[in-house]
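Scroll down for the structure; my scribbles are underneath it.
The values are calculated or read from the model by the stated rules, or taken from the named source; none is laboratory data. None of the values given here were measured: they were computed from a predicted structure. Neighbour counts are summed over all protein chains in view; Cβ atoms, including those assigned to glycine, are modelled from backbone coordinates with ideal geometry.
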Amino acid sequence: MRVKVFAPGRVNLIGEHTDYNDGFVLPLATEMGIIMEAALRGDSLIRARALDMGEETSLSLADLAPGGGRNWWDYPAGVCWAFLEEGCRIRGADITFGGDIPIGSGLSSSAALEVATAAALNYLNNLQLDPVKLALLCQKAENKYVGVQSGIMDQFASVLSRSGKGLFIDCRSLEYEHVFLDLPGQELALIDSRVKRSLAGSEYNRRREECMEALALLNKYLGETRLSLRDITGEEVEAARPGMPAILYRRARFVVEENRRVLEAVKAFQKGDLRKAGQLMNASHEGLRDLYQVSCPELDLLAETAWAAPGVWGARMTGAGFGGCVIALVEKESLPALKKRILEKTAGVLAKQPHFYHTRPAGGVRLLDQADL
Ligand code: GLA
């Protein structure tokens, strides 16, 4: 049997670093994605070929072990490992993939690779796993096999998004709602700083730890056992502030505020109130810059330049941070002027000229073709 699947990248509209705090997020799938062809083999080898890199590798299903590294093949291998850990019976396969998601730009090329692999395995081995399960297995691959303690947002968005919609996710219950985002006359512009997220792995895990430390202090102060920062209010953070190290106070305050912003943004988009939605995006960026401290000068310059440009409702860094892209919600007719302004303001200031992409909210992973061999 042979299948061809497409798995999209994702861009997050708002709700950053909230997913692993049991909070709320509003991402959408990009039109950019990964196409993977996969065919069952008669043995237990996974032969993977990355067309864009011109590289190929073979792995035995029997030898998969977590902690290998962060090579491209660790993502498909990690997904195979997660399936086996879950007790799924999978056979070897030849997989070949390529795509157009810029790597290291915060648009979840790795989640797309995981999701494409998971969907291909699901079809090839007739496992009939439901979409939420697929996303969770991909997250397990990333957490346990690759070793990045990511939340569920990226994989969930790559699996469950719908065309023309944002995906509002409650990352505790995993309940989700498709939020209408077909915005006539508007564009979602992605401005790539082309700063690679080199710090993201270690700093990312560090932020997670800081959130746990902040929660422990808040629980001590409250004399309670709240499960995550999602269960804490802004007033409680302020009340506990004197007993908290400044860094932990900032982290907790950001998460609490960002969760509230997501809920407000969902309402704003539902009402078509782009002014409000844009303000929330800007405030999210400020919080990521000042409180959560995962932005960088290049992203700040891009966001600030966009804020000052006509026709821009809002702009913020998107994804884990330390590089990657800014997303701007902008009137279609103002997009050329925004691009021009960004290029002018960054020329000679940034090491690399920013790249521009734009996307409409796209659908989640899908089967393109299937054949019995
Ligand atoms: C990365 C992770 C996600 C999420 C974002 C930050 O993309 O994979 O789970 O935590 O960072 O919002």
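I need the full set of residues from the range 24-60 which are among the hydrophobic types (A, V, I, L, M, F, W, C) and touching a Phe, Trp or Tyr at 6+ places or on another chain (Cβ under 6 Å), in order please.
Initial filter on the range 24-60 (among the hydrophobic types (A, V, I, L, M, F, W, C)): 24-26, 28-29, 32, 34-36, 38-40, 45-46, 48, 50-51, 53, 59.
Scanning the range 24-60 gives 26, 34, 35, 36, 48, 50.
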Going through (1) touching a strand residue (DSSP E or B) at 6+ places or on another chain (Cβ under 9 Å); (2) within 24 Å of residue 211 (Cα to Cα); (3) surrounded by fewer than 18 Cβ atoms within 10 Å (Cβ to Cβ) one by one, residue 297 fails only at (1)
When the range 73-87 is checked residue by residue, the ones that are assigned to a loop (DSSP other than H, G, I, E, B) and either within 15 Å of the ligand (Cβ to nearest atom) or surrounded by 24 or more Cβ atoms within 10 Å (Cβ to Cβ) (or both) are none
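Does residue 187 satisfy the condition of being of a type outside the set (S, T, N, Q), under 23 Å from the mean Cα position of the chain (by Cα), surrounded by 15 or more Cβ atoms within 10 Å (Cβ to Cβ) and under 19 Å from residue 10 (Cα atoms)? Let's see the steps before the verdict.
Numbers: of a type outside the set (S, T, N, Q): yes; under 23 Å from the mean Cα position of the chain (by Cα): yes; surrounded by 15 or more Cβ atoms within 10 Å (Cβ to Cβ): yes; under 19 Å from residue 10 (Cα atoms): yes.
In short, yes.
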Pairing a residue in the range 1-26 that is farther than 19 Å from residue 75 by Cβ and in a strand (DSSP E or B) with any residue that is within 11 Å of the ligand (Cβ to nearest atom) and acidic (Asp, Glu), where Cβ atoms lie under 7 Å and the two sit 6 or more apart in sequence or on different chains, gives 25/19
Within the range 269-320, restricting to residues that are over 17 Å from the mean Cα position of the chain (by Cα) and among the β-branched types (Val, Ile, Thr), the one that is nearest to residue 24 (Cα to Cα) is 312
Among strands (runs of 3 or more DSSP E) completely within the range 134-239, the ones holding 2 or more residues that are modelled with pLDDT of 95 or more and away from the ligand (no atom under 16 Å from the Cβ) are 176-180, 186-192
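Mind listing whichever residues of the range 270-286 are out of contact with any Gly (no Cβ under 6 Å at 6 or more places or on another chain) and closer than 28 Å to residue 298 by Cα? Let's see the steps before the verdict.
So in the range 270-286, the residues out of contact with any Gly (no Cβ under 6 Å at 6 or more places or on another chain) come out as 270-277, 279-280, 283-286.
Passing the criteria: 274, 275, 276, 277, 279, 280, 283, 284, 285, 286.
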- Message: Among the residues in the range 88-100, are any outside any loop (DSSP other than H, G, I, E, B), at pLDDT 95 or above, closer than 19 Å to residue 144 by Cα and out of contact with any Cys (no Cβ under 8 Å at 6 or more places or on another chain)?
- Response: no
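Yes/no matrix, rows are residues, columns are (1) assigned by TED's automatic domain parsing to the domain that holds residue 319; (2) farther than 17 Å from residue 107 by Cβ; (3) within 16 Å of the ligand (Cβ to nearest atom); (4) more than 10 Å from the chain's Cα centre (by Cα):
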site: 9; (1), (2), (3), (4): no, no, yes, no
site: 17; (1), (2), (3), (4): no, no, yes, no
site: 22; (1), (2), (3), (4): no, yes, yes, yes
site: 39; (1), (2), (3), (4): no, yes, no, yes
site: 43; (1), (2), (3), (4): no, yes, no, yes
site: 46; (1), (2), (3), (4): no, yes, no, yes
site: 49; (1), (2), (3), (4): no, yes, no, yes
Residue 69: passes all of (1) crowded, with 16+ Cβ neighbours inside 10 Å; (2) outside any helix (DSSP H, G or I) but (1)
Quick count over the range 102-133, residues being within 15 Å of the ligand (Cβ to nearest atom) and acidic (Asp, Glu), is 1
